[in-house]
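The values are calculated or read from the model by the stated rules, or taken from the named source; none is laboratory data. Predicted model only: the values in this text are computed from it and were never measured. Note: ideal-geometry Cβ built from the backbone for every residue, glycine included; neighbour counts use all protein chains shown.
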Amino acid sequence: MSDIKKNSESKNSSNGNFRINFNQDYTSLSVANECGYKLFSILSVNKIDEIFNSENNVDTKIAERLFGSSLVSVVITREQYKLKIVHFKKRTDICEFKYPKNILSVKMNRSRLVVCLKDSIYIHNIRDMRLLHSIKQLPDNLTGLITLSLNSHLAYPCSKDSGNIQIYDAGNLQPRIIIEAHSSNVAAMNFSSSGTLLATASQKGTVIRVFCTKNGQRVMEFRRGVKRYAQIMSLNFSICGSFLSVSSNTETIHVFKIDQKAREAAEKRQDKLALTESGDEEDKSDERSGIMKAFSKAMETFIPVSTMLYQDRAFAHVQLSEPGLRYTCVVAKLEKDLRLMVACEDGFLYIYNLDANGGECKLLKCHDLRGSLYDITELNGNETSIDSLSTSVNETNKADSPVNTPAFETSFAEVMKGKSVVNPINPAETYQSKNAQIFDETNFPPMCQA
């Protein structure tokens, strides 16, 4: 631990507090902290390549890459009202925009770039970065909670007192439907890759719901916990839309399986029914009082949760040894097999096997994404071996050097850390010509059909 700290201090780095995001198809991720940002390409379970390092020692708040292209949206901490569009391969700033308030989040797809402020949203054409539309006077959205699908469906909270969500067509710039997702405010949400499903979680974090975006019908409901509230950290569909991975501030990551028949049935319904009949189970418990509340609590002891609440349990799960940290999890195919990738704010990426029969996931590999600021060590998921690889993520072609050690319960990240083994400006002001082409077609993914 002392060696890591010395190495860290010598290069003016902090240990932890990394902001890690996957790109839209989970083939790349960005790692940002007070020293700048880096981009990695996810090639296989054993190979994660660093493809860019800003090396500017500028505290970076947001770094979002557009698929596998050279386009990156960057927001730095000291100028949080300014968005930079960067061509990272050429190491040049293409253009920049200034907004009246701090930028809280940025979402991109192949046709739109969406910027979220506390009480407004700006929609740009990603081809030339023209500002197409702005949505203002929204309820305060302090966390910048929005989500954008590949077919340009945009979802954002539209009520300050409840969990209502507005579905907006960012492609045609038209509002669609409002989904009454929860009685309390929404804490997390995300679209499936096709944009036909929307997963949501309230601030209580006990219930995860999946809705059809065509008519607002509830497709499925999952219970993450029974008696304990939790803060949901990430909520992501797999690219195929068959799995939903959820992380929170607790010690468990859940993977839920989407019932395709339930989805098809919900899509066939022509009209959006009133959603008030399906009020939150989590909020109903708050409305009970006196004898009924005590009776309900006693019944939980005798009646199985799945029977009592009619909710599906997790298909697979991971037990974390360091709960309380921010974990971002996704299910993706690596080398033709489904894997669960878990990125932690301490700078590590964990890759787990996702068995066809579900159950507890087995750790296959742990990658250190902290880069040249630290001594890099990559660890296999084998309980009885630790593979010490190269001191650089780019040197993954070197042969592994297995070292036999006793089995241990401490996480690999803990071992590596040394723990024992047991001013307002006009909105969207740009310094670039509004109609300028910002990239070459050869560097940009093909347009998708909405």
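Return yes or no: is Ser14 at pLDDT 95 or above and either touching a Gly at 6+ places or on another chain (Cβ under 6 Å) or small (Gly, Ala, Ser) (or both)?
Numbers: at pLDDT 95 or above: no; either touching a Gly at 6+ places or on another chain (Cβ under 6 Å) or small (Gly, Ala, Ser) (or both): yes.
Judged against the criteria, Ser14 is not a match.
Please go through segment 98-145 and give me each residue that is of a type in the set (A, V, I, L, M), more than 23 Å from Gly68 (Cβ to Cβ) and assigned to a loop (DSSP other than H, G, I, E, B), ordered by number.
Those that are of a type in the set (A, V, I, L, M), more than 23 Å from Gly68 (Cβ to Cβ) and assigned to a loop (DSSP other than H, G, I, E, B): Ile103, Leu104, Leu117, Leu138, Leu142, Leu145.
Need a quick list: strands (runs of 3 or more DSSP E) entirely within segment 162-219 having at least 3 residues that are closer than 23 Å to Ser242 by Cβ, under 20 Å from the mean Cα position of the chain (by Cα) and among the acidic types (Asp, Glu).
Working: elements: 163-169, 174-182, 186-191, 197-202, 207-212.
In segment 162-219, there are no strands (runs of 3 or more DSSP E) which contain 3 or more residues that are closer than 23 Å to Ser242 by Cβ, under 20 Å from the mean Cα position of the chain (by Cα) and among the acidic types (Asp, Glu).
Before we move on, is Phe67 at pLDDT 95 or above, under 18 Å from Asn109 (Cα atoms) and touching a strand residue (DSSP E or B) at 6+ places or on another chain (Cβ under 9 Å)?
Numbers: at pLDDT 95 or above: yes; under 18 Å from Asn109 (Cα atoms): yes; touching a strand residue (DSSP E or B) at 6+ places or on another chain (Cβ under 9 Å): yes.
Spelling it out, Phe67 is indeed at pLDDT 95 or above, under 18 Å from Asn109 (Cα atoms) and touching a strand residue (DSSP E or B) at 6+ places or on another chain (Cβ under 9 Å).
Determine which member of the set Ile177, Ile146 is farther than 23 Å from Asn249 by Cβ and of a type in the set (A, V, I, L, M, F, W, C).
Numbers: Ile146 fails: farther than 23 Å from Asn249 by Cβ.
So the residue among Ile177, Ile146 that is farther than 23 Å from Asn249 by Cβ and of a type in the set (A, V, I, L, M, F, W, C) is Ile177.
I'd like the residue in segment 16-60 that is of a type in the set (Val, Ile, Thr) and over 20 Å from the mean Cα position of the chain (by Cα) and, out of all such residues, is farthest from Glu335 (Cα to Cα).
By that ranking, first place goes to Val58.
Test Val207 against the criterion of being surrounded by fewer than 23 Cβ atoms within 10 Å (Cβ to Cβ) and farther than 14 Å from Ile258 by Cα, and give yes or no.
Working: surrounded by fewer than 23 Cβ atoms within 10 Å (Cβ to Cβ): yes; farther than 14 Å from Ile258 by Cα: yes.
It is true that Val207 is surrounded by fewer than 23 Cβ atoms within 10 Å (Cβ to Cβ) and farther than 14 Å from Ile258 by Cα.
Can you name every residue in segment 46-74 that is surrounded by 21 or more Cβ atoms within 10 Å (Cβ to Cβ) and more than 16 Å from Lys84 (Cβ to Cβ)?
Correct list: Ile48 only.
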